[in-house]
Every structure is written in structure tokens, then in C-alpha cells.
1. Which residue, A:154, A:27, A:12, has the most motion in a Gaussian network model of chain A that connects Cα atoms within less than 10 Å?
2. Which helices count as membrane-span-like in chain A under these terms: full DSSP H, at least 18 Å along the axis by C-alpha, Kyte-Doolittle mean of -0.5 or more?
3. With a 1.4 Å probe, what is the total accessible area buried between chains A and B, in Å² rounded to the nearest 100?
4. Give me the percent of DSSP beta bridges within the protein assembly as shown that run antiparallel, rounded to the nearest 5.
5. Using helices alone, I'd like the mean residue ellipticity at 222 nm for chain A: each DSSP H run of four-plus residues gives -39500 (n - 2.57), total over residue count, nearest 500.
6. Would you kindly find the accessible area of residue B:214, with a 1.4 Å probe and non-protein molecules such as ligands, DNA and RNA excluded, rounding to the nearest 10 Å²?
7. Enumerate the whole-percent occupancy of each 5 Å bin, from 0 to the last occupied one, for all C-alpha pair distances of chain B.
8. Need the list of lysines near residue B:90 for cross-linking: C-alpha distance under 17 angstrom, and skip anything on the same chain fewer than eight residues off.
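The values are calculated or read from the model by the stated rules, or taken from the named source; none is laboratory data. Predicted model only: the values in this text are computed from it and were never measured. Neighbour counts are summed over all protein chains in view; Cβ atoms, including those assigned to glycine, are modelled from backbone coordinates with ideal geometry. What goes into the accessible areas is simple: the full protein's heavy atoms, side chains included, and nothing from ligands, DNA or RNA. Shrake-Rupley method; radii C 1.70, N 1.55, O 1.52, S 1.80 Å.
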Amino acid sequence: MLDVRDVTLRFGEKQILDRCTIQLEEGERLALMGPSGCGKTTLLRIALSLQKPDSGSVICTASRTAAVFQEPRLLPWCTAAENINLVLSDRADTMPEAISWLGRLELLEARDLLPAKLSGGMQQRLSLARALAVKPQLLVLDEPFKAMDEALHGRILRLTSEAAKNAAILLATHSEEEARALGCRILRYRDGRFV
Amino acid sequence: MSAPARKALQTLAVLLFWLLVWALAARAVGQALLLPSPLETGRELVTLARSAVFWLTVGKSVLRVLAGILLAVLLGAALALLTHKSPLLKALLAPVMTLVKSTPVASFIILALVWLGRGIVPLVIAALMVLPVVWSNVSQGLAGIDPQLLELAAVYRLPKLRALRRITWPSVLPHLRAALRSALGLGWKAGVAAEVLTVPPGSIGKRIYEAKLYLETTELFAWTAAVVLVSLGIERLLLRLVERGEGRHA
């Protein structure tokens, strides 16, 4: 489903990725771990075709892709419910579904609020709700749980794992516990590659 | 007293102050032929407003200029979209827009009078004055769209129309609103100036020209007051329409 092959990327003098390869089959779950700035986010962006590598290839055959970025990337002029409905159909008939996702992520009280009125953790949950709502074949998660408070963390992790049970997941994280909770095979950064 | 009420009171006080200055100046001059008083101007305006011809004249001029402004908004927005996609086209168009902005409007009016029929000149001139402002503001709006939201649209494969409606349009609207705020008055004044020079039948410009010709200074002031009032009315109306489109993003 996702084939990132021999990807190389430099930022100026610094070699970020060096002939890095990752492959993801349907329903497979991979976690990329490594120190900050090692290239986890960059590799996710390359996998999503948001960034071109200096060399190498990316083939993604997933029909529905969703991503939770480090920043929530919500439309500031749309309410919480509208932000989810945007990726469904943006019509009134899918609004109940959007609202049900808000409920599952414990955000029901925020349905008519603009993102600016939500806390950082709530914005991140909203971003996660939007990603899960499209029932993706490929779900890309870039440290999606870091702004969430302790009490919610476990519940949201379980919910994500359950709601995306048929999705292939590519996760970037610093937490081995998160990777394990999502059932991910862990790849660690070493000399420009994840092995 | 609430803040809006205080602001309204302040505006009224400033207006009364300048009306008083005008009235004192008119009294000092003592000749309505040179400087009619606010009262005489108001009375003349009321007399004019009682006739159907006045409203027909105002209506025709407003329609003509509004058509020009609408044309400029559509053309300016379309050109901004094109130049946003093509840096080459932007490089080609930018000096033309600068030239249009810095050329005296009278030169364009005379040229348009030579090239086009007199009836259409005010419309074209209003459009020409508004076009560069709309183009440059919408271009700024397009350049300022949050790239992270565009990436979001790409990842979720949002249909083009939905991305346009939900991301591009709300991002550009504040800039379009700013453009309309500064361009409406400009377009209206340029349109009326074009009417004064081209005197199309049944236009405010023709009435101003005739008032000047026959030294009807009070009527000239009354028509000018009408132009100012209509300008304020149009500005309020159009900005309200844009704000409605802008919704909660305002």
C-alpha cells in the first residue's frame, strides 16, 4: 500500500535521510522512533507526497489517506463539527456523523465552537477525530497524542487503535508505550535510516 | 454610555463642527454664487430629491458605476487567480497595474472618450480605477493562504470546489473587503468625474456640468452632497454584503 524506497534528503550540509526504505502493507502498523530532528516528520511528509526527496521513490495506493500533523491544522473559520464534516462531504447529511465523531473523542460540548476557543489538547483531539472520520486506509500520525492530558491519553489511544482497526498506520513518536498501544512494529533511526 | 453610542455621538459632534465652520465661512463670503450655506445646499437637495428625475439620474449613475466596480472585482479576482499560478504572467501584469494606478484619471477619461462611446466611459473608468486595487489585494490574499491548510486539502484529497469554498475564499475575503473599502470611493468618484467630462444624458455628471455652466453653485453643491451620500450608502451596502459572505471570519 505504501512503498517508500531508497529515499535520500539533505538540508544544506546535513544528511537527513540516506537511502531510507519503508514499506507498509494493508492493515500493517509501523512506528518511527528517534531523537528530535532526525527526520521522522520529514519522512512522513515524503510518504504523504507533501515533500519531494532528493532521490528515491514513493508509491501510495491507498484510496483514502488521513493525517494528524503535529499542528492541528484546523480551519479557523469553521466550528469543530464543520472541521470534521469538511472531510466527509461538507453537506448537512453527513453532519450527524461528524458530530458522532466529536462524541467519541469527548468533544461534544465543542461542536459549535471555533478552534480558537479550544485548548491545545482539544484541538489535537479534533484533528484526530477528523482523521478517523474518513475511515482511512492509510493513517499517518505525527506525534498526535503529545498535547493531551494524562487522564485522556490512554482512552484516546485505545479509541484510535479500535477506530482505525482496518487502517495501515504510520506513526512518528517518542513514546514506545504509544507505539505498543497502537500495535505498531517499531523502526528506530540509525544513520539516516529507520531500521 | 456604551462604546458604540459614544462613537456615534462623537461622529455627530465632528459633523456639526464642520457644518458650523462651513456656515460661518458662507456667512463671511455672503454670496451663494461663491459659497452657498449648508442650509441653502440642504434645501436645494430636498427640492431636487422631490422630483422623479433626480432619482432616475442618481439611479442611472449608480448603476453605471456599480457595473464598472463589479466588472473590476470579477476581472481583478480572475487575474489574481491567474497571476497567482503564473509568475511570468504576474511579472507581465504588475507594471501595467502600476501604470494604471499612477496615470491621472483625466488622461484615461479623454482617451476612453476618443476610443469608446461616451455612455460607456464612466463604467470603464470606474472599472479601471478599481481593478488594480482588487487585483493587488486578492493577490495578497492568495499569497497569504496558510500552506498547512493547502497540504491538509491535498492529504484528504478535498475536491477543488470544496477547497476553494472552505479554504481559498475565507482566506481571500478579508483582503477583498479591504480592497472594496479603499476602491469603492475611488471608483465612484472617478465614474462621476468621467460623467462630468463626457456628459452622458441623464447622469449626475451632466447635472454637475450644467450647474457649473450656468453658475448654479447651490445646485452644484447639492449634487455634490448627493454624490457623497450615495457613495457612503453604496460603501455601507457592499461592505455589509461582503461581511455576510465572510460570516464568522469577519
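1. Taking springs between Cα atoms under 10 Å, the residue moving most is A:12.
2. Sorted by number, the helices that extend far enough and score high enough are A:120-133, A:150-163.
3. Its buried surface, counting both partners, is about 2000 Å².
4. Taking every DSSP beta bridge within the protein assembly as shown, about 45 percent pair in antiparallel fashion.
5. For chain A, the value works out to -9000 deg cm²/dmol.
6. Its accessible surface works out to 150 Å², give or take rounding.
7. For chain B, the pair-distance distribution reads 1, 6, 10, 13, 14, 13, 13, 10, 8, 5, 3, 2, 1, 0, 0.
8. Answer for residue B:90, where 17 Å is the Cα cut-off: B:101, listed by chain and number.
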